[in-house]
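Asks: Got a structure for you, questions after.
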Amino acid sequence: MRCELLDYELPEALIASRPPEERDGARLLLIDRGRSDREIEHAAIRDLDRHVERGALVVVNDTRVVPARLFGSKRGTGGQVELFLLHRLDEAPASGGDLAGPAEGAARPERWRAMGRASKPIRPGAVLDLERDGALVAEVLERAEDGVLTVQLSSPAGLSIAAAIDAYGHIPLPPYMGRGDDASDRERYQTIFARVPGAVAAPTAGLHLSPALVERLRANGVEIASLTLHVGLGTFQPVTADDLDVHPMHAEVYSVPEATAAAIARARERRAPVVAVGTTVVRALETAADPARAGLVRAQSGETRLLIQPGYHFRVVDALLTNFHLPRSTLLALVFAFAGRERTLRAYRAAIDAGYRFYSYGDAMLIRGASAP
């Protein structure tokens, strides 16, 4: 797919920097692929239970956003630094440098991939004092050609690394919000399903679901199942290649449990649609699709680099709840594949004309109309 086809114009004023007052208070654009006479309708998230078929299976992502932004200074120079944690590696032995072995009462160190920002490049051997009271220290072990760092985190104060990150880290809001995080983002940039730490960005479609809305869905015979896909930084990186086929697709860790595979099998037995809450759920389910059994998935875990673009044949997902996505993104390409490019662009134009709010804290669209196998 030529990447200029992923462009559209969005007034900056429509980029949401704050969530709606109520978690389920966003607007909802409905796309019905099965009926040309009512292709686009306007609704509200709080009425989602009226628009999801009775008996459907709704699949959510239970990843939890790590407060991955850490601020501090370079030991010895005092230069200010920002460290953005990407993902944890195996637990690390002592490095032999300034952090040679945990002091008595200190937590066992951990190795992480991270991105760093400072006035001068952060090089191997640098020691970074993060946040306050010496609660978290990072020693830079390696710097890759692309600038990604391998760091060893330790907590001389005796906290576990997870506890230190949770206490002192900042929620990594996307830069297009134009602000730093505050206390309210600790709750609102997590879904109510958030359980497994590991994401550096929220699975944003899930942000709309409130406990009350989930209860109404269940009361309408809708089954809820979960999986885990840890959203990585690459999800939001713009496509810079001229052709999407040569875009280096990022990897994300996922896990589809036995209970969710069984829930999908039950949905197929009752001929009910599988509704994915977000593009992350789509990628995980389509990666786990069982090639021998149409419409079913295998319980499995691993990494996915699945790129979904127009021409892709969806094997599991029948309907999709999703936010409005950035131009020139693989997320928009996935939506084009699911709903059709022209139909999606018509929906985006209708949303812009109606003043919908875009991106992570913005409004959503529900794409229906696929038939369950």
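Asks: Does any residue of the range 8-22 turn out to be over 22 Å from VAL282 (Cβ atoms), touching a helix residue (DSSP H, G or I) at 6+ places or on another chain (Cβ under 6 Å), modelled with pLDDT of 95 or more and part of a loop (DSSP other than H, G, I, E, B)?
Replies: Checked against the condition, which is being over 22 Å from VAL282 (Cβ atoms), touching a helix residue (DSSP H, G or I) at 6+ places or on another chain (Cβ under 6 Å), modelled with pLDDT of 95 or more and part of a loop (DSSP other than H, G, I, E, B), the range 8-22 yields at least one hit.
Asks: May I pose another question? Looking at the range 184-236 only, could you name the residues that are crowded, with 21+ Cβ neighbours inside 10 Å and of a type in the set (Asp, Glu)?
Replies: ASP185
Asks: Based on what the data block shows, is VAL253 within 30 Å of VAL52 (Cβ to Cβ) and touching a His at 6+ places or on another chain (Cβ under 8 Å)?
Replies: Yes; evaluated as a whole, the condition is true for this residue.
Asks: Hey, ARG349 hits all of (1) of a type in the set (Lys, Arg); (2) closer than 16 Å to LEU6 by Cα; (3) under 18 Å from the mean Cα position of the chain (by Cα) but one; which does it fall short on?
Replies: If we test ARG349 against (1) of a type in the set (Lys, Arg); (2) closer than 16 Å to LEU6 by Cα; (3) under 18 Å from the mean Cα position of the chain (by Cα), just (3) comes out false.
Asks: Of everything in the range 288-305 that's surrounded by fewer than 18 Cβ atoms within 10 Å (Cβ to Cβ) and aliphatic (A, V, I, L, M), which residue is modelled with the highest pLDDT?
Replies: Step by step, filter the range 288-305, then rank; the result is ALA299.
Asks: Out of the range 272-317, which residues are touching a Lys or Arg at 6+ places or on another chain (Cβ under 6 Å), aliphatic (A, V, I, L, M) and either closer than 20 Å to LEU48 by Cα or outside any loop (DSSP other than H, G, I, E, B) (or both)?
Replies: Correct list: ALA289 only.
Asks: Could you tell me which residue of the range 328-356 is surrounded by the fewest Cβ atoms within 10 Å (Cβ to Cβ), considering only residues that are in contact with a Pro (Cβ under 8 Å, 6 or more places away or on another chain) and within 26 Å of ARG188 (Cα to Cα)?
Replies: The selected residue is ILE352.
Asks: Next question. Is one or more of the residues making up the range 41-53 in a loop (DSSP other than H, G, I, E, B), assigned by TED's automatic domain parsing to the domain that holds ILE264 and in contact (Cβ under 8 Å) with a residue 24 or more places away in the chain?
Replies: yes
Asks: Same structure again: Answer yes or no: is there a residue in the range 182-192 that is assigned by TED's automatic domain parsing to the domain that holds LEU320, touching a Ser or Thr at 6+ places or on another chain (Cβ under 9 Å), of a type in the set (A, V, I, L, M) and modelled with pLDDT of 95 or more.
Replies: yes
Asks: Return the residues of the range 237-257 that are surrounded by fewer than 19 Cβ atoms within 10 Å (Cβ to Cβ) and part of a helix (DSSP H, G or I); say none if nothing qualifies.
Replies: ASP245, VAL246
Asks: Which of the residues belonging to the range 132-147 are within 16 Å of ALA114 (Cα to Cα) and either modelled with pLDDT under 90 or in a strand (DSSP E or B) (or both)?
Replies: So in the range 132-147, the residues within 16 Å of ALA114 (Cα to Cα) come out as 136-147.
Passing the criteria: LEU136, VAL137, ALA138, GLU139, VAL140, LEU141, GLU142, ARG143, GLU145, ASP146, GLY147.
The values are calculated or read from the model by the stated rules, or taken from the named source; none is laboratory data. Everything quoted here is computed from the prediction, not taken from an experiment. With ideal geometry, Cβ positions are generated from the backbone for all residues, glycine too; neighbour counts draw on all protein chains shown.
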